[in-house]
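Below is one structure; the comments refer to it alone.
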Amino acid sequence: MSRGIKERTERKKANRDKRPYAIARYIRIPNSKVKFVLDLIRGKSYEDAVNILKNLNKSASPVVLKVLNSAAANAENNLAMAKDNLFVAECYATNAPQMKRMMPRARGRADRILKRSCHITVRLDELKVGQKNVNKAAGKTVAQKAETTATKTATPKATAVKSTKTTTTKTAAKPVPATKAEKPVADQPNAVKPLGTKAVATAKKTTTSAAKKTATKKEAK
């Protein structure tokens, strides 16, 4: 029964996952509620995951943030990894022991209350040279970022001088009217505006119709 125990232990050590990780055990939050938060940070870089958890309005976000920071600290102190190159490779929540409580109901009956808990695991990994960044918004590799930073430092920024000349067009000043007759009708107080051709025609018709009516009344008398 004891044959091959050393070989098996050595094989397990060789095949063990050496990526940095952190585990939070017996967290008094249901497994289903933690999964919503973990789905948002899975595959994101460390900085993006921290920003998401800080601005997320969920009860599990502060707990997951502590686990993420613990995993990053393990990577930095134990494996000498830089936090800038880390991303969330795996994150999951498993069921933990449940506390069973009872709630009294009608007619002497009782309902069971399950107070659930979970274990949260976050495992990080380091981006390799040539590997695409996990954050899709960036869309750049680590090598491309290094090249861009090197070119920025090597070549100074050229300051483009913009011409501040503005062309102004001068308009001729209008002559000031000397008398009231020269002023426009709108500026003259209590002035009667001239009638148009249609208004003049309608005024003539009304005057002729009124004259005919008065003539007919005189004849009738």
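Only the coordinates and a few stated rules stand behind these numbers; no lab work does. Keep in mind that what you see is a predicted model, and the values were worked out from it rather than measured. Here the Cβ positions follow ideal geometry from the backbone for every residue, glycine too, while neighbour counts run over all protein chains shown.
Between residue 206 and residue 92, what is the label-to-label distance in nm when each label sits 7 Å out along the Cα-to-Cβ direction?
Distance between label points: 9.4 nm.
Listed here are the pairs 18/128; 13/100; 6/128; which of them are more than 27 Å apart at the Cα? If you can, show how the numbers build up before the last one.
Details: 18/128 15 Å; 13/100 39 Å; 6/128 34 Å.
The pairs that break the limit, which is 27 Å between Cα atoms, are 13/100; 6/128.
Taking every alpha carbon pair in segment 20-128, what does the distance histogram look like in 5 angstrom bins from 0, in percent?
For segment 20-128, the pair-distance distribution reads 2, 13, 21, 19, 14, 10, 7, 5, 4, 3, 2, 1, 0, 0.
Of the listed pairs 58/83; 33/115; 12/35, which have alpha-carbon separations greater than 18 Å here? List each step's numbers first, then the result.
On the way: 58/83 25 Å; 33/115 13 Å; 12/35 29 Å.
Exceeds cut-off: 58/83; 12/35.
Which whole-number percent gives the relative contact order of segment 1-115, counting Cα pairs below 8 Å spaced six or more residues apart? Intermediate results must be reported in sequence, preceding the final value.
Details: 105 pairs, mean separation 31.8, N = 115.
Relative contact order, segment 1-115: 28 percent.
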